[in-house]
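Here is the structure we will look at, set down as structure tokens.
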Amino acid sequence: MNKNKSMVSKITESRNFGLVLGLVVLLIVARIITPSMYSVNSIINMLQNNAVYGLLAVGEMMVIITAGIDISIGATLSLTGVVCCRLMAENPGVPGIVWLLLALVIGALCGAFNGILVGYFKMVPMIATLGTMYIFRGFSFLFSGGQWWFPHQFTEGYMAFATKKIAGLPSILWILIIVFVLAIIFLGYTTKGRRIYAIGTNKESSQVAGIKEAKVVFLAMTLCGMLAGLSGMLYTANYATCSYMIGDAYEMTAIAICILGGVSIVGGKGKVDGVIIGFLMMAVITYFISLLPGLSVWSDAIQGAIIIAAVALNKFTERSAEKRALKERSALI
């Protein structure tokens with residue numbers, strides 16, 4: 001009986017249980033207000049249009065776990081999208097895979113630059129990435145020349161990476177699923193992934209253990225940039241449109257998903273499964289808002305309220321866990 005009770009307690013007290021419960025309540029409310037939201041096509045469209053946020057959130061999560069933050073990912077998305085679209089429009093005969101690889105390289109370079117500033121030059125992450133955000137956004141404008149790219153300029157091979165249906169799902173969702181799986185494996189089952197957690201949990205202890213903080217931060221920020229670059233290419237392929245203005249404030253949504261998914265803003269805590277749930281909640285919220293014209297003008301305010309609520313929930317969960325741990329220790333004395 002005690003074993004069953006303790007198992008139930010562990011489930012109900014876990015952070016993910018609260019997230020899943022919140023998602024279920026949100027889905028029920030959305031179902032009541034907008035029944036059309038739950039057709040198969042609506043669900044696929046909802047996930048497809050929010051997939052880029054999921055990719056950005058995975059990268060942002062790795063940086064936040066190191067007790068850092070990257071607010072330049074929206075600008076990296078913009079720069080990568082502009083470079084890929086301009087070169088693709090000027091060289092329509094080049095296979096689409098080339099632009100995908102180019103996006104990964106550009107994103108990795110932007111992330112590596114952030115990693116050098118934060119990891120090796122010990123700059124404050126917020127300040128460093130604020131500076132690079134303006135730099136990347138400036139390069140995006142210069143490379144675009146203020147130009148827009150429209151559907152007739154996009155090649156089929158380019159758009160296929162986001163829109164081609166495979167087993168009923170657009171390819172952008174398959175890429176998102178693959179990224180989720182790889183992130184789970186990397187963070188949970190590799191030495192480098194565990195070092196990312198170690199740096200965010202206790203820098204002094206990790207240094208004593210021989211973990212080089214600069215290298216870990218550099219890796220996390222490079223991977224974050226790489227996913228932002230991938231997002232830039234996939235965003236433009238999905239919507240078949242591009243300008244230097246894309247990706248504006250996307251970093252805020254990615255951070256919101258992380259916080260909503262239980263990633264601690266002070267570092268050291270957070271799991272990919274929580275980010276997946278946070279992504280699903282954000283996708284439902286944004287889609288739900290888009291279906292109700294009266295709420296669309298409040299979308300930014302609603303997202304801000306969600307961030308505050310998520311931070312409050314995180315704090316409450318952490319304090320509850322600390323109190324339970326204290327009680328358990330007291331019982332043993």
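Suppose all protein chains stay in the model; what accessible area per residue would a 1.4 Å probe give for the chain, in Å²? The partial results should precede the final answer.
Values: 16530 Å² over 333 residues.
For the chain, the solvent-accessible area averages 50 Å² per residue.
Write down Rg/Rh for the chain, rounded to two decimals, with Rg from the C-alpha atoms and Rh from the Kirkwood relation over Cα pairs. Walk me through the numbers before you get to the answer.
Numbers: Rg = 20.7 Å, Rh = 20.8 Å.
Radius of gyration relative to Kirkwood radius: 1.00.
Under the Cβ-under-4.7 Å rule, which cysteines of the chain stay unpaired?
Those would be Cys84, Cys110, Cys224, Cys258, since no other cysteine Cβ in the chain comes under 4.7 Å of theirs.
Enter the angle in degrees (range 0 to 90, nearest 10) between the Cα long axis of helix 73-90 and the first principal axis of the Cα atoms of the chain, meaning the one along which they spread out most.
The angle comes out at about 30 degrees.
Give me the angle, in degrees from 0 to 90, between the Cα long axis of helix 171-189 and the longest principal axis of the Cα atoms of the chain, rounded to the nearest 10.
Around 40 degrees separate the two axes.
Helix 299-332: angle to the longest alpha-carbon principal axis of the chain, degrees 0 to 90, nearest 10?
Relative to the chain, helix 299-332 is tipped by roughly 30 degrees.
Over the stretch 167-272, one equal point on each Cα, no solvent: what is log10 I(q)/I(0) by the Debye formula at q = 0.21 Å⁻¹?
-1.26
For the stretch 160-246, which trypsin sites (Lys or Arg not before Pro) are in a loop by DSSP, counting at most 16 other Cβ atoms within 10 Å?
Numbers: sites: Lys164, Lys165, Lys192, Arg194, Arg195, Lys203, Lys212, Lys215; in loops: Lys164, Lys212.
Filter output for the stretch 160-246: Lys164, Lys212.
Which pairs, out of Lys271/Lys315; Lys192/Lys323; Lys122/Lys203; Lys192/Lys212; Lys122/Lys315; Lys269/Lys315, put more than 22 Å between their alpha-carbon atoms?
Working: Lys271/Lys315 16 Å; Lys192/Lys323 31 Å; Lys122/Lys203 13 Å; Lys192/Lys212 11 Å; Lys122/Lys315 28 Å; Lys269/Lys315 12 Å.
Too far apart for the 22 Å limit: Lys192/Lys323; Lys122/Lys315.
Between Ala214, Ala254, Ala228, where does the largest GNM mean-square fluctuation fall for the chain, given springs only between Cα atoms within less than 10 Å?
Maximum among the listed residues: Ala214.
According to a simple spin-label model (label point 7 Å from Cα along Cα-to-Cβ), what is the distance in nm between His152 and Asn91?
Here the modelled spin labels are 2.5 nm apart.
Give me the distance in nm between label points sitting 7 Å out from Cα along the Cα-to-Cβ direction at Tyr189 and Ile265, one decimal.
Taking the simple label geometry, Tyr189 and Ile265 are separated by 3.4 nm.
Return the single residue from Ala30, Ala310, Ala162 with maximal mean-square fluctuation; model: Gaussian network over the chain, springs between Cα atoms under 10 Å.
Result for the chain, Cα springs under 10 Å: Ala30 fluctuates most.
Nearest 0.05, what FRET efficiency do Phe17 and Phe143 give at R0 = 41 Å with Cβ-Cβ as r? Please list the in-between numbers first.
Numbers: r = 47 Å, r/R0 = 1.14.
That gives a FRET efficiency of 0.30.
How high is the FRET efficiency between Trp298 and Met126 when r is their beta carbon distance and R₀ equals 30 Å, given to the nearest 0.05? List each step's numbers first, then the result.
Details: r = 27 Å, r/R0 = 0.91.
After rounding to 0.05, the efficiency reads 0.65.
Let me check I've understood the local charge: for Ala237, count other residues with C-beta under 15 angstrom from its C-beta, Lys and Arg +1, Asp and Glu -1. What total comes out? Working shown, then result.
Working: positive: Arg86, Lys164, Lys165; negative: Glu156.
Net local charge, Ala237 excluded: +2.
Are there chymotrypsin sites (Phe, Trp or Tyr not before Pro) in the stretch 141-241 that DSSP puts in a loop and that have at most 13 other Cβ atoms within 10 Å, and which ones? Before the final figure, lay out each step's value.
On the way: sites: Phe141, Phe143, Trp148, Trp149, Phe154, Tyr158, Phe161, Trp174, Phe180, Phe186, Tyr189, Tyr197, Phe218, Tyr235, Tyr239; in loops: Trp148, Phe154.
Those that pass, being in a loop and sparsely packed, are Trp148.
Give the carbon-plus-sulfur fraction of the accessible surface of the chain in %, rounded to a whole number; probe 1.4 Å, heavy atoms of protein chains only. Walk me through the numbers before you get to the answer.
Working: 11540 of 16530 Å².
Using a 1.4 Å probe with all protein chains present, the chain comes out at 70 percent carbon and sulfur.
Could you check the simple spin-label distance between Ala305 and Ile177, using points 7 Å along Cα→Cβ, in nm with one decimal?
3.5 nm
Using helices alone, I'd like the mean residue ellipticity at 222 nm for the chain: each DSSP H run of four-plus residues gives -39500 (n - 2.57), total over residue count, nearest 500.
On the way: 15 runs with 255 residues, N = 333.
Mean residue ellipticity at 222 nm (helix-derived): -25500 deg cm²/dmol.
Distance between Cα centroids, the stretch 185-205 to the stretch 153-167: provide it in whole Å.
36 Å
The values are calculated or read from the model by the stated rules, or taken from the named source; none is laboratory data. This one's a predicted model, so the numbers in the text were calculated from it and none came from an experiment. Heads up, the Cβs are rebuilt from the backbone with ideal geometry, glycines too, and the neighbour counts pull from every protein chain shown. Side chains are part of the model used for accessible areas, which takes the heavy atoms of the whole protein and leaves out ligands, DNA and RNA. Shrake-Rupley method; radii C 1.70, N 1.55, O 1.52, S 1.80 Å.
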